[in-house]
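What follows is a set of notes on a single structure, which appears directly below.
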Amino acid sequence: MRSLLLTPSRKLIAASTLALVIAGGAVATNLFTSHPANAQIEVQTGAPNLGFADLVEAVSPAVVAIQVRAEVPSQDIMRRGPGFQFDFPDLPEDHPLRRFFDQFEDEFMPPRAPNGEAPRRFMQAVGSGFLISEDGYIVTNNHVVADASEVLVVLQDDTELAAEVVGTDPRTDLALLKVQDESINDLPYVEFAEDEGRVGDWVVAVGNPFGLGGTVTAGIISARGRDINASAYDDFIQIDAPINRGNSGGPSFNLSGKVVGVNTAIFSPSGGNVGIAFAIPAHVAQNVITQLRDTGTVTRGFLGVSLQDISEDLAAGLGLESTDGALVTETIADAPAGAAGVESGDVIVSVNDQDVEDGRELSRVISQIAPGTPVELGIIRNGEQITVNVTLDRLPDDLGAAPAPSEQSQEDEAAPTSSSIGIVLEPNPDGEGLVVTDIEPDSPAATRGLAPGDVVLEADGEALTSMSQFEEVLAAVRESGRKAVPLKVARDGVVRFLGVPFANE
């Protein structure tokens, strides 16, 4: 089970299971006599006791259980004694505690091979998946098959088929499998929905919770566009159909028998179902799976900017009518956006005339456009609407960490000066901007998160070189009628914008 989010009282967990199960099931005969499960289901509207039996009968043959065998890293192997477990640390030979742990090795540690290597241990996990083609392509979650050495697919009639991993996409937690037997070409399958539906629409989930297999649950779409901090591309469908461990990778269907989402996570204080589950939308899954099937990898468009959302204070400081859009904090060197003229402080409000609400939506839209594609960005710069044409590059596999913070000099070469918004500033001895040395308690700057050590690089778009210039900018912003000043601030190598309101305004 991979934890996505953990708080003292609640957590999000992947809807898979890492519990040990026994692989089994007799091989059935007449395997390939089932009808394809992608037929439209005719539903009589208004029938109060209709149920989902016809739907389930049609789609269930295409839903599979997935059993995964993976090697456990030697450092994770623990020996368990009566009432306790112990993980022996890997200490150097000359460590003073090495002899203490060595005396317990024979009793608690597993025997080693003659060459001194630790024994190999394997774990087995289970999940769900569904067939999308007659020749055995299967969709599931990346976390179900991650690090798998063997993958076994179990059909509805308990037939077991070996499968291989065609490709995975950790960013969306999707994976594509393929049945290894090339002679198979008439398996039942399902299709993705063109429209995932509306909040309140029925969904039916079929999967393999707790390794039980063939389990059906029903509910409704509870919400759309959920962000659960799994990645920069979160756009989950929230459903209340009961989803549990082992349902990961399984489908949620609409009443026409089309897949509206791939179940991937649950919200739970206890690890069990509490009526809140999350599924990857069909349009996201279909785009990723098509690329995995064609090339084995996923490529995404790359703009090359650092973004942040716009708060009410920032909107006021920038003179914006709303908080819609994504604020560019920095452009990445040698990336498409900077080369095309996108600047720090720009607010990107649309891509190819499609409005974007925030940075997450912008990232998601750009990621779904192929590298090499020209796009038109709608930008607000200094209160004016402009367009910038950018040709996207390919998203690097690793964008790298934020630049390391520069070491601040501890020498006070200039006397600190107090500003009119509650911060004490002095010239930055190591580069651009002014360094915050103190914050007045309960001042506007303090309530908006400024802290000693921050470097104020710009105020209202002007690069700062002196305190007198900073006060002139504040006065000009006040005279313009705006209620806050936008500041460009650097902290530990990360640049952000803050909207700081004026006192008593």
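The values are calculated or read from the model by the stated rules, or taken from the named source; none is laboratory data. Since we're looking at a predicted model, the values are computed, not measured. Glycine also receives a Cβ, built like all others from the backbone with ideal geometry; neighbour counts cover every protein chain displayed.
Could you check the stretch 157-196 and list, in sequence order, the residues that are under 30 Å from Arg360 (Cβ atoms) and surrounded by fewer than 16 Cβ atoms within 10 Å (Cβ to Cβ)?
The answer is Pro170, Glu194, Asp195.
Six or more apart or on different chains, Cβ under 8 Å: which pairs go from a residue in the stretch 155-173 that's within 22 Å of Ala279 (Cβ to Cβ) and free of Cβ contacts under 8 Å to residues at least 24 places away in the same chain to one that's among the small types (Gly, Ala, Ser) and surrounded by 20 or more Cβ atoms within 10 Å (Cβ to Cβ)? Could you list them?
If the second residue must be among the small types (Gly, Ala, Ser) and surrounded by 20 or more Cβ atoms within 10 Å (Cβ to Cβ), the pairs left are Val165/Ala148; Val165/Ala175.
To keep it simple, each residue is scored yes or no on (1) part of a strand (DSSP E or B); (2) farther than 24 Å from Leu327 by Cα.
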| position | (1), (2) |
| --- | --- |
| Pro429 | no, yes |
| Pro441 | no, yes |
| Ala451 | no, no |
| Leu457 | yes, no |
| Leu487 | yes, no |
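Within the stretch 216-228, can one find any residue that is in contact with an Asp or Glu (Cβ under 8 Å, 6 or more places away or on another chain), free of Cβ contacts under 8 Å to residues at least 40 places away in the same chain and among the small types (Gly, Ala, Ser)?
Looking for residues that are in contact with an Asp or Glu (Cβ under 8 Å, 6 or more places away or on another chain), free of Cβ contacts under 8 Å to residues at least 40 places away in the same chain and among the small types (Gly, Ala, Ser), one finds at least one in the stretch 216-228, hence yes.
Where residues in the stretch 219-230 are more than 22 Å from Ile66 (Cβ to Cβ) and of a type in the set (Gly, Ala, Ser), which of them is nearest to the chain's Cα centre (by Cα)?
That would be Gly225.
Could you list all residues from the stretch 181-197 that are at pLDDT below 95 and either among the polar types (S, T, N, Q) or within 23 Å of the chain's Cα centre (by Cα) (or both)? Explain how you work it out, then say what you get.
Within the stretch 181-197, the subset at pLDDT below 95 is 181-186, 194-197.
Residues satisfying the conditions are Ser183, Asn185, Glu194, Asp195, Glu196, Gly197.
Of the conditions (1) under 22 Å from the mean Cα position of the chain (by Cα); (2) more than 25 Å from Gly493 (Cβ to Cβ), Asn352 fails just one. Which one is it?
That leaves (1) as the condition not met.
Residues are listed down the side, and each one gets a yes or a no for (1) assigned to a loop (DSSP other than H, G, I, E, B); (2) out of contact with any Cys (no Cβ under 6 Å at 6 or more places or on another chain); (3) without any contact (Cβ under 8 Å) to a residue 24 or more places away in the chain; (4) closer than 30 Å to Ile138 by Cβ:
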residue: Ala316; (1), (2), (3), (4): no, yes, no, no
residue: Glu343; (1), (2), (3), (4): yes, yes, no, no
residue: Ser350; (1), (2), (3), (4): no, yes, no, no
residue: Glu376; (1), (2), (3), (4): no, yes, no, no
residue: Thr387; (1), (2), (3), (4): no, yes, yes, no
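Just a yes or no: is a residue in the stretch 351-358 within 20 Å of Leu498 (Cβ to Cβ) and surrounded by fewer than 20 Cβ atoms within 10 Å (Cβ to Cβ)?
Yes.
Please work out which one of (1) among the aromatic types (Phe, Trp, Tyr); (2) buried (at least 24 other Cβ atoms within 10 Å of the Cβ); (3) farther than 28 Å from Asp135 by Cα is the condition Phe253 fails and give its number.
Here Phe253 clears every test but (3).
Just one of (1) over 22 Å from the mean Cα position of the chain (by Cα); (2) at pLDDT below 95; (3) crowded, with 24+ Cβ neighbours inside 10 Å trips up Gly211, so point out which.
(3)
For every residue, the table says whether it meets (1) surrounded by 16 or more Cβ atoms within 10 Å (Cβ to Cβ); (2) farther than 18 Å from Ser311 by Cα; (3) of a type in the set (Ser, Thr, Tyr).
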position	(1), (2), (3)
Glu462	no, yes, no
Arg482	yes, no, no
Pro486	yes, no, no
Ala503	no, no, no
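Give the stretch 218-260 a look and list any residue that's among the basic types (Lys, Arg) and in contact with a helix residue (DSSP H, G or I) (Cβ under 9 Å, 6 or more places away or on another chain), or say none. Give the derivation first.
Here is the first cut: in the stretch 218-260, the ones among the basic types (Lys, Arg) are 224, 226, 245, 258.
If the condition is that a residue be among the basic types (Lys, Arg) and in contact with a helix residue (DSSP H, G or I) (Cβ under 9 Å, 6 or more places away or on another chain), then Arg245, Lys258 are the ones that fit.
Give me the residue from the stretch 256-280 that is touching a Gly at 6+ places or on another chain (Cβ under 8 Å) and surrounded by 23 or more Cβ atoms within 10 Å (Cβ to Cβ) and, out of that set, modelled with the lowest pLDDT.
Residue satisfying both the conditions and the ranking: Thr264.
Identify the single condition in (1) touching a Ser or Thr at 6+ places or on another chain (Cβ under 8 Å); (2) buried (at least 20 other Cβ atoms within 10 Å of the Cβ) that Leu450 does not satisfy, given that it satisfies every other one.
Just one mismatch for Leu450, condition (1).
Out of (1) surrounded by fewer than 19 Cβ atoms within 10 Å (Cβ to Cβ); (2) in contact with a strand residue (DSSP E or B) (Cβ under 6 Å, 6 or more places away or on another chain); (3) outside any loop (DSSP other than H, G, I, E, B), the odd one out for Gly225 is which?
Gly225 satisfies every listed condition except (2).
Please state which of the following conditions Ala339 fails to meet, knowing it meets all the rest: (1) of a type in the set (A, V, I, L, M, F, W, C); (2) buried (at least 17 other Cβ atoms within 10 Å of the Cβ); (3) not in a loop (DSSP other than H, G, I, E, B).
(2)
So the check is Cβ under 7 Å with 6+ separation or different chains; which pairs have a first residue in the stretch 462-489 that's touching a residue at least 12 places away in the same chain (Cβ under 8 Å) and a second one that's of a type in the set (Phe, Trp, Tyr) and in a helix (DSSP H, G or I)?
Leu464/Phe470
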